[in-house]
Amino acid sequence: MSGDAVPDRGIWFRVETGSAASAVRRAAERLGAQLDLGESRTGDLAIVAAELTSNLVKHAEDGVLLLRPVRHEREVGVELVAIDAGPGMVDLTVSSRDGHSTTGTLGIGLGAIVRQASWFDGYSLPGRGTALAVQVWPDRQAERERPWVGALTRPLSGEPVSGDGYAWRIVEGRRQVLACDGLGHGPLASAATDAALDAFRKAPAGPPAVVVQHLHRAMSHTRGAALAVAELDPAAGMLRYSGLGNISAAVVGRGGQRRGLVSLPGIAGHQRPQVREYDYPFGAGDLLVMHSDGVVDRWQLADYPGLTDRSPIVVAATLLRDAGTRRDDACVLVARAWL
């Protein structure tokens with residue numbers, strides 16, 4: 001990685017050796033300096049990056065780490081998401097306590113991460129691997145809303161950018177999310193998705209079908225995209241959804257039961273697609289999962305005991321690891337509306 005700013009979608013690192021771990025730590029330090037975290041918190045960030053990557057090198061199989069900025073109102077921090085297909089842990093809570101070790105080491109790695117982090121969550125299943133998400137903010141103690149959305153993209157192997165993307169917003173009380181898959185791969189697909197994300201952030205307040213129509217008009221200069229917009233309304237116990245093309249979406253109950261959502265055929269930005277909106281029950285504890293066709297749609301959260309109780313980003317990371325394909329761009333978005 002060069003000294004350029006890290007994009008909001010972040011940079012993925014494959015962490016298999018000590019040299020890769022050193023590259024992640026240096027990149028994290030540069031990002032902390034770019035975001036003005038302050039010397040002390042940038043040092044804490046370096047510790048988090050070093051411990052996460054050390055765990056991947058020592059214990060993981062297919063270990064990867066995402067480094068990216070994260071924003072809350074006017075504050076900017078750093079998020080690290082580490083994913084592996086290693087042996088996993090029986091009890092992540094126990095493993096995060098200082099002194100616990102599975103390999104004869106001092107066992108301070110996860111404990112050090114928890115101490116330095118502003119926010120931490122993870123999920124591990126023996127034989128399936130581990131997903132950890134850590135945020136480091138300038139003010140460690142500041143109260144923030146629990147993350148209600150977690151999303152990840154990963155480009156097709158060999159491509160420098162992903163044609164998939166996501167966004168979320170709260171406008172006039174409406175909690176809305178967008179998942180988008182630009183047609184094809186590479187820079188032109190990424191440009192189409194960037195146009196959709198920009199139009200979504202600027203769109204007038206309105207229900208999902210109105211927003212999708214706005215995106216369609218705003219993307220006429222691009223190669224087009226499959227996309228879907230959902231609105232979470234926990235007070236009404238309702239989710240409103242409007243989609244075009246091959247974005248898959250489902251409402252998942254706390255026990256892992258899933259109900260698929262309907263997207264209509266079409267390409268945003270081209271032709272004149274039919275846009276419709278559908279309403280679905282959405283209760284306390286339910287999750288919304290949306291993803292591009294770079295994620296195989298055969299996943300079942302019921303296969304992961306306790307995962308539906310974790311944060312949206314940890315759910316998204318676990319699904320990307322186990323259902324994502326390297327033969328296509330991939331995007332996973334998970335949302336939960338806390339009451």
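Using θ = phi - 60° in the Karplus curve 6.51 cos²θ - 1.76 cosθ + 1.60, the 3J(HN,Hα) couplings for the stretch 274-280 round to 7, 10, 10, 10, 10, 9, 9 Hz; x is entered for Gly and Pro. Can you bin the stretch 202-257 into rounded, prolate or oblate? Criterion: square roots of the alpha carbon gyration tensor eigenvalues sorted a ≥ b ≥ c, rounded for a/c under 1.5, prolate for a/b above b/c, oblate for the rest. Oblate, since a/c reaches 1.5 and b/c is not below a/b. When the Cα centres of the stretch 208-274 and the stretch 131-199 are compared, how far apart do they sit, in Å? Distance between centres, Cα-based: 15 Å.
Does the stretch 219-339 classify as rounded, prolate or oblate by the C-alpha gyration tensor (a ≥ b ≥ c root eigenvalues; a/c under 1.5 gives rounded; else a/b over b/c gives prolate, otherwise oblate)? Cα axes put the stretch 219-339 in the oblate bin. These residues, Glu159, Glu61, go from largest to smallest accessible area, 1.4 Å probe, as Glu61, Glu159. Once the Cα-Cα distance is subtracted from the 0.36 nm per residue extended length, the Arg217 to Val76 segment shows a gain of 47.6 nm. Among Gly10, Ala20, Ala209, whose Cα lies farthest out toward the positive end of the dipole of the chain, if unit charges sit on the beta carbon of Lys, Arg (+1) and Asp, Glu (-1)? Farthest towards the positive pole: Ala209. Put Ile247, Ile11 in order of accessible area, highest first, and with a 1.4 Å probe you get Ile11, Ile247.
Extension gain for Ile11-Val57 works out to 14.7 nm (0.36 nm per residue, less the C-alpha to C-alpha distance).
Per-residue accessible area (protein heavy atoms, 1.4 Å probe) orders Leu125, Leu37 as Leu125, Leu37, starting from the largest.
Shown in residue order for the stretch 113-130 are the 3J(HN,Hα) couplings computed by the Karplus curve 6.51 cos²θ - 1.76 cosθ + 1.60 at θ = phi - 60°: 4, 4, 5, 7, 6, 7, 8, 8, 8, x, 8, 9, 9, x, x, 10, x, 9 Hz (x for Gly and Pro). Between rounded, prolate and oblate, where does the chain land on the alpha carbon gyration tensor, with a ≥ b ≥ c its root eigenvalues, rounded for a/c under 1.5, else prolate if a/b exceeds b/c? Prolate, since a/c reaches 1.5 and a/b exceeds b/c.
The values are calculated or read from the model by the stated rules, or taken from the named source; none is laboratory data. As the structure is a prediction and not an experimental result, all values here were calculated from the model. Counting neighbours? That spans all protein chains shown, and the Cβs are built from the backbone with ideal geometry, glycine included. Please note that ligands, DNA and RNA were not included when accessible areas were found on the heavy atoms of the full protein model with its side chains. Shrake-Rupley method; radii C 1.70, N 1.55, O 1.52, S 1.80 Å.
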